[in-house]
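The values are calculated or read from the model by the stated rules, or taken from the named source; none is laboratory data. Model, not experiment: these values are computed from the prediction. Note that each Cβ is placed from the backbone with ideal geometry, even for glycine, and that neighbours are counted across all protein chains shown. Accessible surface areas use protein heavy atoms only, side chains included; no ligands, DNA or RNA. Shrake-Rupley method; radii C 1.70, N 1.55, O 1.52, S 1.80 Å.
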Amino acid sequence: MKKEHWKSLLLTALLFALFIGVWFIATQPKESAQQTAAQDEYAALMGKGAAKSGGFPPPQEIGKAIVNHLSDPFKDNGPNDKGIAIQLGHSLGRVGMGFVLAILVALPLGFTIGMSPLLYRALDPFIQVLKPISPLAWMPLALYTIKDSDLSGIFVIFICSVWPMLINTAFGVANVRRDWLNVARTLEVQPLRKALTVILPAAAPTILTGMRISMGIAWLVIVAAEMLVGGTGIGYFVWNEWNNLALPNVIFAILVIGIVGMALDRCFATLQKLVSYTE
Amino acid sequence: MSFLQVENLAKSYPGNDAPVFENVNLTLDKGEFVCIIGHSGCGKTTILNALAGLEVASDGNIMMDGREVIGPGLDRGVVFQSHALMPWMSVIDNVMFGVRSRWPDWSKAQIEQQATKYLEMVGLGHALHKKPSMLSGGMKQRVGIARAFAIQPKMLLLDEPFGALDALTRGTIQDELLNIVQATAQTVFMITHDVDEAILLSDRILLMSNGPRARIAEIVDVTLPRSRTRHDMHHDPRYYRIRNHLVDFLVSRSKEPKPDGETHPPVVRPGEDGPSATSPI
Ligand SMILES: Nc1ncnc2c1ncn2[C@@H]1O[C@H](COP(=O)(O)OP(=O)(O)OP(=O)(O)O)[C@@H](O)[C@H]1O
Ligand SMILES: [Mg+2]
């Protein structure tokens, strides 16, 4: 078991080295910089010299960008020059707010729906129609009604995280084992106590699975949302660096988005483990 | 009037024309241990659930201790066929959950003491803080028994509590149950498939005919001394006569239709030799 673990780790490291190696060789500056006509035209259009858009950046430039950004993550020199930590803080703040709002709505509503087969069936069509709508499709509506880009971002996170949570909560609550409910009934347990001490722990694994899915979607959506509304956040950072044609910075941001997403997912995996039980 | 009185109980499910059982009449005295035996699917669990108040009968009524049974309640302790322990709670928390429901005003120490007492009684004093998933089937079943006993109900309802256990474990827990019941003079209604178990534990055994339209076909009086043990029971000739009678019913007579005009099942004493052994009808 232990040995297998080391083997896989070694293989991961090897693959990573191989990837960097191929990347390095593929991005070596060529003797005769053969640019296509389209690339020339594009460079001219962007008003930049050919030197800057001379191709995909090699790994050492990404390394430089990483060192550069991590050396001063909290800098704040105006709207277009904020440290990566500040931008991440904005994104995580929006995700957090929208997510907490979604919990506040989805948990009680999901509980109610899950306990009542009638409501379950009555609300199912609404949920089925609303669920597959891309959260970004709500953006214009949100911007128009809320008139605040920050709040609109939070709303979009809310709307995309609420469905998986709602559906999983309702499903988890509706499928609590009959036996456990019967135990509570024979013990004359009051409804609130039953909800908190029997139904909630019984449905918790399913609910947390919903939350984990929600968080995954929220982190996907926040980047796109911030590209749309602009101002702050990691999504805006990507957009801004693209406009500067600073590809190393874009790649750095992509890396950061991936790592933060993974960390968020790990958090929920840990929570899932805490509430899971074996029958 | 008996402690428990069941009159003309019937249950039919929508969509099925024939009721699962009908005209079920039975009584239980205080402190009495009664087992019910019948083939799978005849409606034993349904009767027990009706007594527990978990299921509504289609007809008839149930009176316990002078009051009609209309729903589940703390005066009846139920041990479920599938033990029904909450897997996220430790063993003692499962029992404390019941005790706290029964006596909400008790302090935590009192509740813990009561739960510990009953868990020690079923021999689980060493496993108080384990999760149910870490226990064997027999241990889980004993936690379920402790949870039902700890609320000190007026009547215990046991649904095949030892069904999933191997013979050895089964014997041990039967002995424990026998000891506890004799010490506490608990009224017990129990479902079993095991003829020997029924003879060992019961004062009376209800024999149920096959469904649909199942009924209690016969009531067998177990005329062995109350202080019986699994070991010396086998040396008693009455034991064999009772056992043969039960097996004979299950194998060949459980399919027989109801004799005309019979409203209440006959009481038989197959253990006794002579005229009293035959059925009064
Ligand atoms: N929800 C239901 N709808 C229709 N029929 C049902 C329903 N629940 C139980 N039954 C029927 O009622 C009958 C009695 O079921 P019950 O569980 O009481 O049997 P049992 O005697 O406890 O059997 P076993 O010994 O196998 O536990 C069965 O024939 C079953 O098919
Ligand atoms: Mg059954």
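For the stretch B:1-56, enumerate the residues that are within 10 Å of ligand 1 (Cβ to nearest atom), more than 14 Å from the chain's Cα centre (by Cα) and within 17 Å of B:GLY77 (Cα to Cα).
Of everything in the stretch B:1-56, just one residue is within 10 Å of ligand 1 (Cβ to nearest atom), more than 14 Å from the chain's Cα centre (by Cα) and within 17 Å of B:GLY77 (Cα to Cα), namely B:GLU55.
May I ask you to list pairs of residues, at least six apart or on different chains, whose Cβ atoms are under 8 Å apart, with the first in the stretch A:194-205 being within 10 Å of another protein chain (Cβ to nearest Cβ) and within 10 Å of A:VAL176 (Cβ to Cβ) and the second being open to solvent by 20 Å² or more (accessible area, probe 1.4 Å) and of a type outside the set (A, V, I, L, M)?
A:PRO201/A:TYR277; A:PRO201/B:TRP88; A:ALA202/A:ARG177; A:ALA202/B:TRP88
Residue-wise test of (1) within 16 Å of ligand 2 (Cβ to nearest atom); (2) open to solvent by less than 10 Å² (accessible area, probe 1.4 Å); (3) within 14 Å of chain A (Cβ to nearest Cβ); (4) not basic (Lys, Arg).
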| site | (1), (2), (3), (4) |
| --- | --- |
| B:ARG170 | no, no, no, no |
| B:THR184 | no, no, no, yes |
| B:ILE191 | yes, yes, no, yes |
| B:ASP194 | yes, no, no, yes |
| B:LEU201 | no, yes, no, yes |
| B:MET208 | yes, yes, no, yes |
| B:ARG213 | no, no, no, no |
| B:ARG226 | no, no, no, no |
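Being buried (at least 22 other Cβ atoms within 10 Å of the Cβ) and within 16 Å of B:ALA57 (Cβ to Cβ) is the filter; apply it to the stretch B:23-37 and report the residue that is farthest from ligand 2 (Cβ to nearest atom).
Per the criteria, the residue is B:LEU26.
Do you know which residues across the stretch A:226-262 are within 15 Å of the chain's Cα centre (by Cα) and open to solvent by 50 Å² or more (accessible area, probe 1.4 Å)?
Selection gives A:MET227, A:ILE254, A:LEU255, A:ILE259, A:MET262.
For the stretch A:144-197, enumerate the residues that are of a type in the set (Phe, Trp, Tyr) and over 22 Å from A:GLY233 (Cα atoms).
Residues satisfying the conditions are A:TRP163, A:PHE171, A:TRP180.
Those residues that are away from ligand 1 (no atom under 16 Å from the Cβ), under 25 Å from B:GLY38 (Cα atoms), away from every other protein chain (no Cβ under 14 Å) and of a type outside the set (A, V, I, L, M), I need them from the stretch B:136-168; list them, please.
Matches in the stretch B:136-168: B:GLY138, B:ARG142, B:ASP166.
For the stretch A:57-173, which fully contained helices (runs of 4 or more DSSP H) count at least 3 residues that are in contact with a Phe, Trp or Tyr (Cβ under 7 Å, 6 or more places away or on another chain) and crowded, with 18+ Cβ neighbours inside 10 Å?
Per the criteria, A:59-71, A:84-115.
Might you check whether a residue that is away from chain A (no Cβ under 14 Å), within 13 Å of ligand 2 (Cβ to nearest atom) and more than 12 Å from B:PHE189 (Cα to Cα) occurs anywhere in the stretch B:43-58?
Scanning the stretch B:43-58 turns up at least one residue that is away from chain A (no Cβ under 14 Å), within 13 Å of ligand 2 (Cβ to nearest atom) and more than 12 Å from B:PHE189 (Cα to Cα).
Just checking, does the stretch B:89-97 include any residue being within 16 Å of ligand 2 (Cβ to nearest atom) and of a type in the set (Gly, Ala, Ser)?
no
Determine which member of the set A:GLY230, A:GLY153, A:GLY216 is more than 14 Å from chain B (Cβ to nearest Cβ) and at pLDDT 95 or above.
None of the other options fit; the residue is A:GLY216.
Say we look at the stretch A:174-188 and pick out the residues that are open to solvent by 30 Å² or more (accessible area, probe 1.4 Å) and within 29 Å of A:VAL100 (Cβ to Cβ); which of these is farthest from the other protein chains (Cβ to nearest Cβ)?
A:ALA174
Working only within the stretch B:30-44, note down all residues that are among the hydrophobic types (A, V, I, L, M, F, W, C) and closer than 11 Å to B:SER202 by Cα.
Once the filter is applied, which keeps residues that are among the hydrophobic types (A, V, I, L, M, F, W, C) and closer than 11 Å to B:SER202 by Cα, the stretch B:30-44 yields B:PHE33, B:VAL34, B:CYS35, B:ILE36.
Would you call A:VAL221 away from every other protein chain (no Cβ under 14 Å) and touching a Cys at 6+ places or on another chain (Cβ under 8 Å)?
So A:VAL221 passes the test.
Taking the stretch B:60-104 as the search range and keeping residues that are of a type in the set (Val, Ile, Thr) and within 16 Å of ligand 1 (Cβ to nearest atom), which one is nearest to the other protein chains (Cβ to nearest Cβ)?
Looking at residues that are of a type in the set (Val, Ile, Thr) and within 16 Å of ligand 1 (Cβ to nearest atom), I get B:VAL78.
Residues of the stretch A:189-202 being buried (at least 17 other Cβ atoms within 10 Å of the Cβ) and outside any helix (DSSP H, G or I), which ones?
Scanning the stretch A:189-202 gives a single hit, A:VAL189.
Check B:ASP260, B:ASP236 and return the single one that is open to solvent by 50 Å² or more (accessible area, probe 1.4 Å), away from ligand 2 (no atom under 16 Å from the Cβ) and out of contact with any strand residue (DSSP E or B) (no Cβ under 6 Å at 6 or more places or on another chain).
Just a single option satisfies the conditions, and that option is B:ASP260.
For B:ALA115, only one of the following conditions fails: (1) within 19 Å of B:LEU177 (Cα to Cα); (2) aliphatic (A, V, I, L, M); (3) in contact with a strand residue (DSSP E or B) (Cβ under 6 Å, 6 or more places away or on another chain). What is its number?
Evaluating B:ALA115 over (1) within 19 Å of B:LEU177 (Cα to Cα); (2) aliphatic (A, V, I, L, M); (3) in contact with a strand residue (DSSP E or B) (Cβ under 6 Å, 6 or more places away or on another chain) leaves (3) as the failure.
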